[in-house]
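Everything on this sheet refers to the single structure shown next.
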Amino acid sequence: MGDKADVWQGTLALMILKTLETLGPLHGYGVARRIEQTSGGLLSLNYGTVYPALLKLEQEGSIESEWGVSDNNRKAKYYKLTRAGRKQLERETHDWKQAQAILAKFLSAEPST
Amino acid sequence: MPPKAEVLQGTLDLLVLKTLDTLGPMHGFGIAQRIQQVSQDLLCLNQGTLYPALLRLEQRGWISSKWGVSDNNRNAKFYSLTRRGRKQLREEAEGWNQMAAVINRVLKATS
Amino acid sequence: MSFMRSMRALFWRLSAFFRKQQRDAEFAAELESHLQFHIEDNLRAGMSPEAARREALLKLGGFEQTKKNYRDRRGLPELEALFQDLRFGFRMLLKSPGSTAAVVIALALGIGASTAMFTVVRSVLLRPLPFKDPARLVRLYEHSADDKFPYNQVASGVFKAWKNESHGFSDLAIVSLGAEYNLSGQSGQLPEKVRAAECSWSLFPTLGVEPALGRTFTPSDDQPSANGTVVLSWALWKRRFGGDSSILNQKIRLDAKSYAVIGIMPSWFTYPEQRVQLWTPVYHEQSAKDMEVLDSHDFLAIGRLKPGVTEAQATAELSVIVRRLHDQHLDDPFVSKAANSLPLLDDVVGDIKTSLYVLLAATLCVLLIACLDVASLLVARGAARRKELAIRSALGGSRWRLLSEHLVESLLLSAAGGGLGLLLAYAALQWFVATRQDISRIEAIDMDAIVAAFILGLVLLSALVAGIASSVKISGDQVLSALQESSRSHSAGLERVRLRKGLLAMEVGLTVMLLIGAGLLLKSYGQLRSSSLGCVTDNVLTMRFSLPEEKYAQPSQRVSFFESLLERVRALPGIQSAALVRAVPGQGYAGDSGFWIAEHPPLPQGQGQYALARWADPGYFAALGIPLLRGQTFDEKARLDSPLQVIISESFARQYFPGEDPIGKHLLTIGRRPFQIVGVVGDTRFTIAEAARPMMYFPIYTSLYGNVPNEATLAIRSSRDVTSFAVPGQKLVEQLDPELAVSDVLTMDQLIGKSTLDASFDATLLLAFAVLSLLLASVGLFGVLSYIVAQRTPEIGIRLALGAQRGQLLRLTLVDGLKPAVAGLVLGLAGAAVATRMLSSLLYGVQPLDATVFAGVPILLLAVVGIACLLPAWRASRVDPVIALRYE
């Protein structure tokens, strides 16, 4: 509890879901690179951390995976959003926005001194 | 646990530090009340999570504590932000903003 | 929703337990493709191939690290650790097969014996009877007429009064004990004697049992004028009639009379005793007159209490009825004054309760010893690995991990021992059921899951406690001291040694108690075997028969049967002597009779005296070597209407004719007719376990109840193997009457063996337990000493190097081992002195504090323990100082 890793795990899952929604089926490397790119350099991501997160989402049924062939004829494992995943994304997006709003309001309070 | 709470739970350090920054020295119960109030009851803090967090923050030197008397003449342990705590708060807040920015970008991005 | 998601994830993770390698390979492939993508991108961005790869790996956060994180998420790391512990535990167990086998065997024996015994006790004593609402069933008794024995059987007339006048019971039933029928052979079968119960029709509804086939008796079957009806036991039906249901409503012949088979009882039903093969209606079998007798206590009565009526209330009412009958018949001293009752369950198991409890206590002792043994062996294992554990702990091995390894090891041991123990228990129970058919409710015994689980749990707990006890030492701040201690210290693991010695002392103590119990029972059994019946027992063969009343209605018919049988038997070549008697010594109580002495002043009203009664032929005493002390035997020629004669036993004469000559005096008995005393013979015992009681003998050829007895035992004595006369004897009977069946063809030794079976069985079982625990205790002692010697090898080496004598070392080590044994011995003797009191009711001719046993057991124990200590001590004395100093 109270560990930033929790926040990170939660938000990483959210970002993965969003990425898969935006780009459609994608391999792990693609997901990691995309998240890093969209952060505009704000986020330095260990690509390796994406895989346990992908696995967890798959175990929970939000995404599914399949081996396929990339544009340049390389075999790769592709992940895609399930219907349940889509719903989860909606819900988590909403929750995220709410949480963020709360935090923003909270942080804008003036110090007592 | 709903994901919302998960996120807020993860920011507990930040919430505690900010509370002490906003309200000045405060006892545990007051901190919990304040956090609950601003989180619009989405985050039901119990002492089980708050006090270990307070201890951790104190061990790291971000807050300090001393016994005092509350408004209603009760003995209570009051926590206050240290100098290093204030610095930590800035860092945490900045970290949070940064992460929020990242997430928002990802969420807003279209192909 | 969220719950479903986590459940789904859990199943996924559980399933990840399988095909691990394939999954690893798949993820490796995925990572490989990831890296390739990244490298290609980097190359496109203009990096050198080397830099491209390095950057991709860096960005990934490490290849192995990623794999590890992925694996943690994929499976359940905790579960995998457990499996790893299991594998590790197996390896550790196999590394020391000797001590592993010792623990497993100790556990198996302990669990096996106690599960079996608990099951027997639970099935026989504790489980409710299989009758409807058994708590409301009571067995009813009268007090004996002199009020000395409160559980006397019931007279038929008293039962009749109860039935008519009492209000506390919803049902009452009466059963005649020990009835037997001669079941005629059909289509070439041999005739057979079958044990039967004559019961009132109400027996079955009272108990609340239904027949398996057909019906039970109705009130109209149960009266003198009815046609003969019979209900068969399941066993008889299967054995004799092939389980053919067409036997229903067919006629069979019992004692040469015709009976219709109306029902078959279910296989479990054998009330009132195991041997009952069939039931007949008692009011049909007995004359109406016989069912109104007040002073002959021949029946078993049971009742079902009405709801809301307590046993005490109901019994009090019965007592009032008995008292009234007594007061109405003050002239008859054999009418009781009060009634009594017992819950039916207590009654059914009453006889064997004590011996079962003793066996149970013995079993608990063995279980305890096994637990102690397991504990001490595990402590030793822990000690042996202390150094290893300390090093691992110092290297940063998690203490929890080490502890869990230890626990898993204990669990593995327990599981192996427990499994083996359950098999053992099953085998032991099969054997027990097969051996002890005479125990009531033996059919109720089966392996009980609750019992097995309870005992398994108990032993597992002890193993766990031992496991924890021996591993707590590796936690805490003792790592360093453990390292120091095991590197060079003479007091190595001193505390642990003390713990083991304590455990051992307890083991030895319990063993002593068991040995003493077994010794007492064995000695008592020996006394039983050797105690004299008062007659010759070698080479005597007995067989029983009873003449059917229908066929032998006239007394003269019976007399001529007896005469011609004896005549023919005595004519067999090789026969030394032959005799007829109601019951030979050791064959049981067999009947008694009240009497008055004609020449003595009349007894106060209401006071009776009685003695055992026997009918015998004049040659009986000589044939069985019963000494004729005074007077003579019956007149050889006396027949039906000759003057009435009686012979009394020595104790009879002593008790009722003190200081006077009984010869020529008269006993008023059997219809208050005067019997002249013609002789006094030596005492014989009716059962081997009880002292001789006053006995009177009547001539079998003369008329007693205005009648001649129809039951007799033929005794044959020979100088050579008497069993070879069994078949010729039976053939002679068959020649005289082809329908007559002979039963209980037994030698006198077998007869005594039968009544001492219980004692021998208890003693044998207890002895087995004692030997078992002696073995366990010496294994434990041997283990401890070996351990101490191994630990002390460096010290011994130094001592030797400094010039100590080897003999001295031998003595030192021996004393080291014997000390806990002696402590245990003292404890055990003290415990036994208290505990053997419980045995006293099972002992015959032996005091609970028998000196021989109490002296013999310590000697035996010290001898065994000494041997167990000798080997390690000898090994210590052979230590080579050079090797010993290099030992560490």
Assuming R0 = 56 Å, can you tell me the calculated FRET efficiency for the pair C:Leu629 and C:Ser170, based on Cβ-Cβ distance, to the nearest 0.05?
0.50
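What FRET efficiency comes out for B:Tyr51 versus C:Lys67 if R0 is 35 angstrom and r is the Cβ-Cβ distance? Round to the nearest 0.05.
0.40
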Just list whichever of C:Lys257/C:Lys289; A:Lys80/C:Lys67; C:Lys523/C:Lys731; A:Lys87/B:Lys18 have alpha carbons separated by over 32 Å in the model shown.
C:Lys523/C:Lys731; A:Lys87/B:Lys18
Residues in the stretch A:39-61 near a label at B:Glu91, defined as backbone nitrogen under 14 Å from the 7 Å Cα→Cβ point?
none
Which lysines have a Cα lying under 19 Å from the Cα of C:Lys238, excluding residues fewer than 8 positions away in the same chain?
C:Lys193, C:Lys251
Rounded to one decimal in nm, the spacing of the 7 Å Cα→Cβ label points at C:Phe11 and C:Gln607 is 8.9
Would you list, by chain and number, the aspartates and glutamates whose Cα falls below 18 Å from the Cα of C:Lys306, excluding same-chain residues fewer than 8 positions away?
C:Asp133, C:Glu165, C:Asp171, C:Glu317
Where the centroid of each part is defined by its Cα atoms, how far is the stretch C:270-336 from the stretch C:40-63 in Å?
104
Electrostatic dipole magnitude of the stretch C:2-75 [Cβ: Lys, Arg +1; Asp, Glu -1; Cα centre; debye, to 20]:
560
A/B buried area, accessible surface, summed, 1.4 Å probe, Å²
3700
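The values are calculated or read from the model by the stated rules, or taken from the named source; none is laboratory data. Note that the structure is a prediction, hence the values are computed from the model and not measured. Positions of Cβ are backbone-derived with ideal geometry, glycine not excepted, and every protein chain shown enters the neighbour counts. Note: accessible area is taken over every heavy atom of the protein model, side chains too, but ligands, DNA and RNA are not part of it. Shrake-Rupley method; radii C 1.70, N 1.55, O 1.52, S 1.80 Å.
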